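Scroll down for the structure; my scribbles are underneath it.
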Amino acid sequence: MKDGSKKQDEGAKPRGSTDRPVRADAQRNIDTLLQTAMAVFATSGVDAPVREIAEKAGVGVGTVYRHFPQRADLVAAVFRREIDACADAAPAFAAGHAPAEALARWMQRYAAFIGAKRGLAKALHSGDPAFDSLPGYFDQRLRPALRTLLEAGVAAGEIRADVDADDLLGAVASLCMSTHNAGPSRAERMVALLADGLRHGTKPSAGTPS
């Protein structure tokens, strides 16, 4: 993998890009390719043939390699896309739900992210420098998203004030890992119980519907 250190703030931008805007049709191809790759990786693992990914995405194999010359480039871009989708869900939930409910829904979304990450685990722990910047990107995107939801819940009196964002991220991840063999539905139930526990002992702020 060349230039692995350059990926810190590139998101899912294809390798070799400059600051020139990507054509809309090309961006759609990239988005479809990343979405398809995630689905294939989840079912067939990260060693799935590139041809399979290309065919399911409706693009040529050459298109895949033009945007992502190495498999590690594609895996890293997929992972960043999943991080972005999870982070972007936080303000969407906050806009449509009361603070505690928004937090609970985001915790379930994060649990789904953990499940998707499991399909990439083999590659992410391979030591390839393409993945070196991913932990930092995780911190940059997910921790602020969760802290915003927590702060809103505490301010509304719907979430207990002694909850730390890092602890909560770790707790959800641990629950997902411990229930892996029991299937996603059990993880959902355990995360829902954890979300309910965050409301224990709270009193809604004045003017907040009970």
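The values are calculated or read from the model by the stated rules, or taken from the named source; none is laboratory data. Because the structure is a prediction, the values reported are computed rather than measured. Positions of Cβ are backbone-derived with ideal geometry, glycine not excepted, and every protein chain shown enters the neighbour counts. The area values use the complete protein model at the heavy-atom level, side chains included, leaving out ligands, DNA and RNA. Shrake-Rupley method; radii C 1.70, N 1.55, O 1.52, S 1.80 Å.
Does anything in segment 93-119 have its amide N under 12 Å from the 7 Å Cα→Cβ label point of V163, and if so which residues? Once the point is set 7 Å along Cα→Cβ of V163, 99-108 turn out to lie under 12 Å by backbone N, inside segment 93-119. For segment 34-114, the per residue solvent-accessible surface stands at 40 Å², with DNA, RNA and ligands left out and a 1.4 Å probe.
Pairs of alpha-carbon atoms within less than 8 angstrom and 6+ residues apart define the contacts here; what relative contact order does segment 17-120 have, in percent?
30 percent
For the listed peptides 144-151, 33-40, a ranking on the average number of other beta carbons within 10 Å per residue, highest first, reads 33-40, 144-151. By accessible area, using a 1.4 Å probe on protein heavy atoms only, segment 50-90 has 46% of its surface on carbon and sulfur.
Sorting the segments 106-113, 54-61 by their residues' average number of neighbouring beta-carbon atoms within 10 angstrom, most packed first, yields 106-113, 54-61. Computed as a quarter of the hull surface, the mean projected area of the alpha carbon convex hull for segment 27-120 stands at 6.1 nm².
Each principal axis of the Cα cloud of segment 29-82 was evaluated for its coordinate range; sorted largest first, these ranges are 21, 19, 17 Å.
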